[in-house]
Structure formats: structure tokens, C-alpha cells
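Report on the structure given below.
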Amino acid sequence: MTAVLKPPTDTYPGSVSFLELEITGKCQLTCPSLCYAKAGPTEGHGSMTSDDWKRLIFEAAGIGVKKVQFIGGEPTMYPDFEGLLHHARALGLDVQVYSNLYRVSHKHWTLFEHPKVSLATSYYSDVAEEHERVTGRKGSHAATRANIVQAMNRGIPLQVGIVEVFDGQRTAEAREELLALGVRTVNVDQVRSVGRGEVYVPSTNDLCGRCADGRAAVMTDGTVTPCVLGRFLNTGTRRPKGSPPYSPGSSGRRPRPASPGVPRRWPVRPTIPATATRRTPRPATLLTRTGGQ
């Protein structure tokens, strides 16, 4: 039986209930005209250590975060991915893994079948050539589609995002295919001017207008942002220089920041200008995406 950790009790109440954790920049795909994180096979895991992530998750549980999303890059490529997922579960948090579903090991399927774990992925077309034009990887369409079917067969909750990248892309057909496969949460979006999708200097007008609305994100270097797409809106850091290794301790109290000036209340909730509006109206039949492109 998994031990249940006691989250800290000496923290201030926070307004964040959903936290995106971008634990790595490494990915098997390149998505040359899309990836907001500029992830790829040659990228690294960032400066946040496994202990840093565990302490952050521990603190997050203490300020009212109910759900964390592991994202990247491809989060399953992080060396201690399993350890972080077990740690979040032990704290009673719901976990969503935003994976490209290009490669899924047997042990990962076992992890994903836990009742507090769900999956999310991206799918770009019902035609292999179009999907692979976006991902930059031959064979990625067949692999991702097969693993979508696998998730459905295993009864794992799955959310799929479709991003319109180029004119004529078969997004409507892709959505119909996903629904036919049994996926019930399909989100449609457009490319945001962020990362490799940047065509002009990004601003809040490129976002959906819900940044920092009960959510925040932490990048691979500990930078806190309103969401993974709002990564150009830096609001601080959660990796103070010289911070001690993570340990929940026998008291169950939150580890103290080692550096002066590090706020106890986090993540910071930034103020998003009122001009930050959704560029694409949300169809009533679709849900807003909760993860990356």
C-alpha cells in the first residue's frame, strides 16, 4: 500500500487548484511549426532536480492545489517520472499526464490505470501525412492512434487536443475519428504565437483569457508562469538558489525557503490585463484545453 504523506499545514491558503509542471524539454517529436516549449530529442530536463519537483508538489498540496499535470516535452522521458507521479498520488492529488503517446511502456500503462490518474494527448489529423507534418516524426500518427485505442480499451480517462496548424488540415475529420474511437473530451484550438509557433512578439492577446484563473505553471528551471502557453509572463521562481534537498520530515511541516526574500505564498497570481481575450470563440460542444499544444 502506498504511504500517504501529510501535506504541510503552516501555509497560507492559495487560489491555485490546478498546477502544470513542465518537467522536461526532451521529446521524441520536434513539431517544427508548433511546439510552444521548443522541445525535442536534443533538449534537456532543465535545472529543477527531482527533489526540487517533489518539494514543490509537497508545498502545492499544502496551499490547496488539487490537481497537477505533468507536461513537457514528453514527461515520461523525465528520469524520475514514476517517482514524481507516485509522490503526487501519495499526497492525494489528482494527476494528468500530457503525453504525445508516441511510446508507452507497460509499466507506464500500469501507472495510468490508477483511478486518480488521467491522460491527455494531441492529435492533428486522421491522415498520417498531415499529422506527421506537424510532429516532424515519421510513424508518429500510427503510434499515437494505436495508444489512443489502447487507453480507451483500458478505460483510462483521456482528453485529446487538436490544433489547427495549416490551411486545409483535416481537424474536423480528426475530431470525428476520435469520437468514433470512444474519446469523449476533444478540444480544438489554433496555433498561438509562442515558441516555435511564434510569428510575432507574443502578448496576452494570444492567450485564452483564463490565465491564472485557478491555475499556474512551473517551467523546467523553476520559473512560475500563468500557464504553459503564457510562458512569456514570468511571475517569479520556485527554485531558490541554495535550497536544501527535499524532505517532508517527521513533523509533516513545509520545508522553509533557504534564501531570504522567497515568498511563502505561491505560486504568485499575476494580474492579466482585461484585453487578454480568447481569439477563437469556444464552441459550446467542446471543452477548453487544459494542456499544451
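The values are calculated or read from the model by the stated rules, or taken from the named source; none is laboratory data. Every value quoted in this text rests on a predicted model; they were computed, and no experiment measured them. Counting neighbours? That spans all protein chains shown, and the Cβs are built from the backbone with ideal geometry, glycine included.
Check PHE81 against each of (1) closer than 22 Å to LEU158 by Cβ; (2) surrounded by fewer than 20 Cβ atoms within 10 Å (Cβ to Cβ); (3) touching a Pro at 6+ places or on another chain (Cβ under 7 Å) and name the one condition it does not meet.
Looking at each condition in turn, PHE81 falls short on (2).
I'd like to check something: does segment 157-166 contain any residue that is assigned to a helix (DSSP H, G or I) and within 24 Å of GLY73 (Cβ to Cβ)?
No.
If the requirement is being of a type outside the set (Phe, Trp, Tyr), surrounded by fewer than 21 Cβ atoms within 10 Å (Cβ to Cβ), more than 22 Å from LYS67 (Cα to Cα) and modelled with pLDDT of 85 or more, which of these qualifies: GLY182, GLY155, GLY222?
GLY182
Looking only at segment 118-146, which residues are without any contact (Cβ under 8 Å) to a residue 24 or more places away in the chain and small (Gly, Ala, Ser)?
Of everything in segment 118-146, those that are without any contact (Cβ under 8 Å) to a residue 24 or more places away in the chain and small (Gly, Ala, Ser) turn out to be ALA128, GLY139, ALA142, ALA146.
With the requirement that a residue be under 21 Å from the mean Cα position of the chain (by Cα) and small (Gly, Ala, Ser), what does segment 119-154 give you?
Once the filter is applied, which keeps residues that are under 21 Å from the mean Cα position of the chain (by Cα) and small (Gly, Ala, Ser), segment 119-154 yields ALA120, SER122, GLY136, SER140, ALA143, ALA151.
Given the criterion free of Cβ contacts under 8 Å to residues at least 12 places away in the same chain and closer than 27 Å to LEU19 by Cα, identify the matching residue among HIS106, HIS114.
Values: HIS114 fails: free of Cβ contacts under 8 Å to residues at least 12 places away in the same chain.
Selected residue: HIS106, the only one of HIS106, HIS114 that is free of Cβ contacts under 8 Å to residues at least 12 places away in the same chain and closer than 27 Å to LEU19 by Cα.
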